[in-house]
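Asks: One structure, as structure tokens, below. Some questions next.
The values are calculated or read from the model by the stated rules, or taken from the named source; none is laboratory data. For clarity, every value in this text was computed on a predicted model and none was experimentally measured. Note that we place each Cβ from the backbone using ideal geometry, even for glycine, and neighbour counts take in every protein chain shown. Quick note on the areas: whole protein, heavy atoms, side chains included, nothing else; ligands and nucleic acids left out. Shrake-Rupley method; radii C 1.70, N 1.55, O 1.52, S 1.80 Å.
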Amino acid sequence: MATDAPPGAQDPSNSFLGGLRDPDSQESGWDRVREIYQRNERGEYSQEAEFILKSALTGALVGFVYGGVPAARFSREQYIKRSQAEVYHHRVEAVRSVHNAALRGFIRYGFRWGWRIAAFVSIFNCVSTGLSAYRDKVVISNFIAAGAVTGGLFRLSLGLRGLVGGSVIGGLLGVPAGALISGLQTLAGQDLREHKRQERRQLHERKLQEWAERVALTDIVVEEIEAAAQESSEKEVEKIVELLHLPRNAAPEE
């Protein structure tokens, strides 16, 4: 009696055949968006996800330096002005105090600017990348919409007027960003979506070749099994014939 397979069990052949989907077949925009944040068969994240992460780290570093360096200089000057009347026992002590004040200002304002720019860049790239994947094309309007969404979110705390103003400013900033990214992809010869479609076709061809090799190997194994079974049956027939031709034993005497 056949037993039902567990609910979580999956036939490896079915999962393999599922990967043989025609790369040019129609797929929904949400499928392409989910593909950005899913690992591939090699356990790697997509290029879009890696770009979002790298750009966020780069933005955090740039913001940390951008906010920290002026703040360190300002904190140093302010500390010197406030400590004119203080008495130090040694020159090294005074220099150390000035450096500590500059370091505190660098870390404080560098962190403040770093996380804000990292968040801004991450939201902008997530929205623009998601729109490009959903629409399956890279156009400047995707970056304008991403800039508007990001600017509106950052100015949301100021109310409706801040939301509208931030969206307008963000949309205007998205124009040069989109033009720059689109221009770089045009110089590279193909945009990111076309590159993804080409990778999908190459993966489809590799899977077809692997499937053909599996089918060929299965045919070889079946032929070997049939040959072994035929050879075994012939040997059994020969043994039976030999037994039939053996002389009968004489009947025992009473």
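Asks: Name the pairs: first residue in the stretch 207-230 and open to solvent by 70 Å² or more (accessible area, probe 1.4 Å), second residue among the aromatic types (Phe, Trp, Tyr), Cβ to Cβ under 9 Å, at least 6 apart or on different chains?
Replies: These pairs meet every condition: Glu210/Phe16; Trp211/Phe16; Arg214/Phe16.
Asks: Does the stretch 78-91 contain at least one residue that is in contact with a helix residue (DSSP H, G or I) (Cβ under 9 Å, 6 or more places away or on another chain) and surrounded by 15 or more Cβ atoms within 10 Å (Cβ to Cβ)?
Replies: yes
Asks: Across the stretch 111-167, which residue is farthest from Ser182 (Cα to Cα) among those that are of a type in the set (Phe, Trp, Tyr) and open to solvent by 40 Å² or more (accessible area, probe 1.4 Å)?
Replies: Here is the first cut: in the stretch 111-167, the ones of a type in the set (Phe, Trp, Tyr) are 111, 113, 115, 120, 124, 134, 143, 154.
Now restrict to residues that are open to solvent by 40 Å² or more (accessible area, probe 1.4 Å): 111, 113, 115, 120, 134, 154.
Values: Phe111: 31, Trp113: 27, Trp115: 27, Phe120: 20, Tyr134: 17, Phe154: 25 Å.
Per the criteria, the residue is Phe111.
Asks: Count, please, the residues in the stretch 40-64 that happen to be in a helix (DSSP H, G or I) and not hydrophobic (A, V, I, L, M, F, W, C).
Replies: Residues of the stretch 40-64 in a helix (DSSP H, G or I): 47-64.
Right, trim to not hydrophobic (A, V, I, L, M, F, W, C) and you get 47-48, 50, 54-55, 58-59, 63.
Counting residues in the stretch 40-64 that are in a helix (DSSP H, G or I) and not hydrophobic (A, V, I, L, M, F, W, C) gives 8.
Asks: Does Leu163 meet the test of being aliphatic (A, V, I, L, M), in a helix (DSSP H, G or I) and touching a Lys or Arg at 6+ places or on another chain (Cβ under 7 Å)?
Replies: Numbers: aliphatic (A, V, I, L, M): yes; in a helix (DSSP H, G or I): yes; touching a Lys or Arg at 6+ places or on another chain (Cβ under 7 Å): yes.
So Leu163 passes the test.
Asks: Same structure again: In the stretch 188-197, is there at least one residue being open to solvent by 60 Å² or more (accessible area, probe 1.4 Å), over 22 Å from the mean Cα position of the chain (by Cα) and either modelled with pLDDT under 80 or of a type in the set (S, T, N, Q) (or both)?
Replies: yes
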